[in-house]
Each structure stands twice: as structure tokens, then as C-alpha cells.
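> Dumping the structure here so I can ask a few things about it.
Rule-based calculations on the coordinates, nothing more; no lab input. These numbers were taken from a predicted model, which means no experiment stands behind them. Cβ coordinates were reconstructed from backbone atoms using ideal geometry, including for glycine residues, and neighbour counts include every protein chain displayed.
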């Protein structure tokens with residue numbers, strides 16, 4: 001048994017794809033009928049199958065079907081769905097106590113997670129953290145902290161960006177449907193600026209970084225006022241916007257501008273953080289040291305936890321009692337996070353993410369050579385995507401995207417769609433997935449193009 005399999009919780013679940021019923025099977029169909037009767041209709045479903053067990057690179061449903069997982073619960077289970085250290089530490093904490101509230105009687109786990117975040121996040125400056133429940137809550141608090149620190153109100157976000165489903169984070173999010181449609185009015189003093197989107201930049205990829213940065217700086221300077229801007233918020237690799245990797249050089253120029261004008265630079269690493277891109281955090285690729293960094297998803301092996309980590313003097317700006325929450329930094333979630341970080345170190349998951357890219361990207365590029373519907377291949381590490389277009393154009397093709405995803409689902413491969421135009425297939429396999437499963441999943445994807 002390999003260390004990868006042992007530490008990721010793989011031994012309890014056979015690491016093989018297995019379809020024993022149609023998808024969805026009868027038990028999943030029964031549960032779906034119950035869901036429709038009891039759960040709000042606004043809670044959607046990507047695949048109409050109900051999970052019974054999961055681990056390594058496999059999700060098994062209630063009908064006994066085993067699916068190859070290229071989704072990781074939307075980048076959450078990088079260490080696997082039942083990593084040994086996560087289960088061990090969380091179980092021990094469950095046996096001790098489930099809750100006291102960190103603001104009432106604190107506990108060591110909360111402090112330990114904050115210490116780990118200070119060690120792991122970019123920069124050698126003094127850092128402090130705030131623990132929360134979700135990515136959206138982390139973004140909200142990062143904005144609160146930046147506004148309090150700077151005594152300014154304006155917040156700058158980017159085209160195609162996604163930051164959550166609460167009122168403020170909907171305002172920060174670019175895409176209307178399904179995230180914002182019908183839910184307004186939204187929080188004020190949010191300003192949107194262009195993103196350096198290489199594939200769709202009007203004058204070509206070679207001009208993207210310089211021209212986009214110039215446009216951003218001009219818009220902030222002329223339309224918002226740098227002196228009024230509390231924060232610039234950006235995902236170093238965009239998540240729901242379509243796994244867009246900003247053109248190289250764009251992020252450093254934005255960071256430089258923020259520093260020149262006392263603007264807090266917030267890196268939203270909720271989807272890209274914790275080894276997903278081949279580094280602990282995606283902003284490390286160009287040496288970006290954000291003032292604040294928001295994390296969630298991959299931090300705790302599937303338990304709900306999020307954080308804002310940043311420069312000590314910024315994090316300390318708010319008055320006592322101004323930050324917190326009843327469940328933020330729950331002791332069981334903190335124990336799980338310590339187990340997840342232990343697993344990331346033991347298995348060197350940044351290196352594992354780079355290995356996944358080495359396997360996946362050449363095969364994706366080969367598919368692009370054969371199928372003109374594939375307009376762009378992008379991403380880093382185990383955060384990769386395909387953008388689909390009408391052949392011969394750059395017109396988005398969401399119908400083809402949905403068809404390929406459905407074909408993969410029928411054959412036992414979990415894939416997700418994303419993007420402002422709904423035309424991106426994104427791949428987020430667990431970082432502990434076996435290479436045999438990874439290649440089998442790519443075989444299924446390759447066959448799916450012939451069904452368009």
C-alpha cells in the first residue's frame with residue numbers, strides 16, 4: 001500500500017470506477033424525489049446521484065456505482081474525502097468537546113490553525129488570522145478589515161470574478177445568473193474593472209497584461225480615486241469565472257499600484273489555495289505577497305472552515321468584538337484543518353498537483369488539436385480547464401459544454417462546468433488521486449468529444 005493511498009483514506013474504498021446501474025440508479029432517484037419535496041428548489045444538483053462513501057479519487061453512490069472524482073467537492077477534498085489524519089484528529093476532538101465558542105472560552109486548536117496559516121501564507125512579515133465558517137464570510141470580513149484599517153469605503157473587484165452568495169459578496173461577484181439574479185439591491189461602493197483574460201483580450205495575448213493593468217489603474221485613479229479605495233480584491237486564478245489565469249505581469253503591476261497608494265490587496269485563494277495549483281497558494285507563482293488572503297475550501301479536508309490571514313497591523317485594526325462569530329473556528333473543524341495540513345506536508349501535495357498537471361495538460365492539448373470546439377486550455381497544477389467555443393470563432397458554446405459534461409457523468413466521471421458564459425469544463429481532481437484513475441478519467445473525457 002502506498003503512502004498516498006494510506007494517508008488519503010483510500011484503503012476503505014476500492015479505487016476503481018464501477019457502474020452497476022444506469023445513472024442515476026433507483027435509490028438515487030428515490031432520494032431525489034425526497035430532495036425535491038424537502039429541499040429548497042434553489043439548491044441545485046450537478047449530478048443526480050447521492051453519495052454513500054468517498055475516498056481517494058472515488059465517490060460511491062447509494063446504488064453501488066463508483067465514480068472517478070474530477071471535482072473534489074469544488075476543490076475541497078484535495079487530501080481526499082476521508083484522509084487518515086483528518087479523521088483521527090477530528091474524531092479525537094469530537095470525543096473531547098464539539099463547541100465552546102472561541103470568543104467565550106478559547107481552545108488551542110484555533111490558535112494552532114492561525115499559527116500554521118502564518119507559517120504557510122506568502123511573506124515573512126508578522127501575520128494574524130481570523131477563523132470563520134465559509135469563503136463568503138472570509139471575503140466579507142476581509143473587506144470589513146480593509147475598510148476599518150484604511151478609513152476608506154470603495155472596493156475594487158474584477159470582471160469574471162466570483163466571491164460568494166451573501167449580499168456583499170454578490171455585489172463583488174461579476175456573474176448575474178445564477179448568483180445575483182433577482183437578489184438585489186446589493187451593497188454599495190463596489191467598482192468593477194477589467195481582468196487580464198488572455199484568451200479573450202481584444203488586441204491579443206501578448207498585449208494583455210500591460211493593457212489590462214493600464215486600464216485598471218486608469219479606472220481606479222479617474223473613476224474611483226485611489227485615495228478613496230480601501231481594497232483591491234482578486235483571485236490569483238479565477239474560480240467560477242472560468243479558471244482564468246491572468247496574463248503574466250498583470251498581478252505584480254496591480255500589487256505595485258496598491259502598495260503605492262495604501263490600498264489593501266486582498267488575494268481570494270478560496271478555490272486556488274492549499275496546494276491546488278502546485279504551490280501552497282497561487283499568488284506565489286509571481287511572487288505576490290498580498291496584504292490579506294482569504295482561504296476556505298481545501299483548508300480542512302471537507303469540514304467547514306475559512307480564514308482571513310494578513311499583516312498584523314491590518315488584522316489588528318478593528319476594535320475588540322468587531323470580528324468573530326458563534327461557530328467561527330469550530331474546534332472539530334480546526335482539528336480537521338490541522339490533519340489536512342499534516343497530510344499536505346507528509347504527501348508533498350504541491351508536488352503531487354504539479355504531477356497531475358504533467359499528466360493532464362498534454363492530453364488536454366492533444367484533444368484540442370483534434371477537436372476545434374476546444375478554444376483554450378488553461379490553469380496550473382490540479383486546477384485546469386477547457387473553454388469550448390463554436391469552431392472557427394471565439395463564440396462561447398455552453399450547449400457543447402453541457403453535452404460533454406453529461407456524457408462524462410453517464411460514464412462514471414464527475415466533472416464540473418463553470419465560466420461567465422457557461423462554456424468551461426473545469427477539472428479539480430483530489431490531489432491524492434491515483435494516476436490510473438486520472439488516466440481513465442481522461443479516457444472518458446476523450447471519448448465524450450465523439451458524442452457531440
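> What distance in nm separates the two pseudo spin-label positions at residue 205 and residue 108, each 7 Å out from Cα along the beta-carbon direction?
Going by the 7 Å Cα→Cβ label model, 5.1 nm.
> In addition: For region 165-231, what does the alpha-carbon gyration tensor say about shape, rounded, prolate or oblate, given a ≥ b ≥ c as the root eigenvalues, a/c under 1.5 as rounded, and a/b over b/c as prolate?
Values: a/c = 3.50, a/b = 1.40, b/c = 2.51.
It comes out oblate by the Cα gyration axes.
> Another one. For region 59-118, taking Cα atoms only, what is the radius of gyration to one decimal and the Dmax to the nearest whole Å?
15.9, 45
> Please arrange 124, 159, 63, 268 by counting, for each residue, the other beta carbons lying within 10 Å of its beta carbon, fewest first.
Result, fewest neighbours first: 124, 159, 63, 268.
> I would also like to ask the following. Report the extension gain between residue 439 and residue 361 in nm, rounded to one decimal, defined as 0.36 nm multiplied by the number of residues separating them, less their alpha carbon distance.
Answer, rounded to one decimal: 26.9 nm.
> Also: Determine, from the Cβ-Cβ distance of residue 327 and residue 399 and an R0 of 35 Å, the FRET efficiency 1/(1 + (r/R0)^6), rounded to the nearest 0.05.
E(calc), rounded to 0.05, equals 0.30.
> Would you mind telling me the antiparallel percentage of the DSSP bridges in the chain, rounded to 5?
65 percent
> OK, next. For the chain, what relative contact order do you get, as a whole percent, if you take Cα pairs closer than 8 Å and at least 6 residues apart?
Once divided by the residue count of the chain, the mean separation gives 22 percent.
> Indicate the gyration tensor shape class of region 151-195 (rounded, prolate or oblate), computed on the Cα atoms with a ≥ b ≥ c the square roots of the eigenvalues: a/c under 1.5 is rounded; otherwise a/b larger than b/c is prolate and the rest oblate.
Numbers: a/c = 2.22, a/b = 1.27, b/c = 1.75.
Taking the square roots of the gyration eigenvalues as a ≥ b ≥ c, region 151-195 is oblate.
> Starting from the Cα gyration tensor of region 85-346, take the square roots of the eigenvalues, sort them a ≥ b ≥ c, and report rounded, prolate or oblate (rounded when a/c is under 1.5, otherwise prolate if a/b is larger than b/c, else oblate).
Taking the square roots of the gyration eigenvalues as a ≥ b ≥ c, region 85-346 is prolate.
> While we're looking at this one, here's another question. Using Cβ contacts closer than 10 Å as the measure, can you line up 59, 373, 87 from fewest to most?
If I rank by nearby Cβ atoms, fewest first, I get 87, 373, 59.
> A further question follows. Given a Förster distance of 22 angstrom, what is the FRET efficiency for residue 19 paired with residue 446, based on the Cβ-Cβ distance and rounded to 0.05?
The pair residue 19/residue 446 has a calculated efficiency of 0.80.
> Normalising by the residue count of region 85-346, find the relative contact order in percent from Cα pairs under 8 Å and 6+ residues apart.
The value is 32 percent.
> Got a sec? How would 84, 435 order by Cβ neighbour count within 10 Å, fewest to most?
Lowest count first: 435, 84.
> Would you mind giving the three semi-axes, in whole Å and largest first, of the ellipsoid equivalent to the chain according to its Cα gyration tensor?
Working: eigenvalues 217, 164, 81 Å².
The answer is 33, 29, 20 Å, longest axis first.
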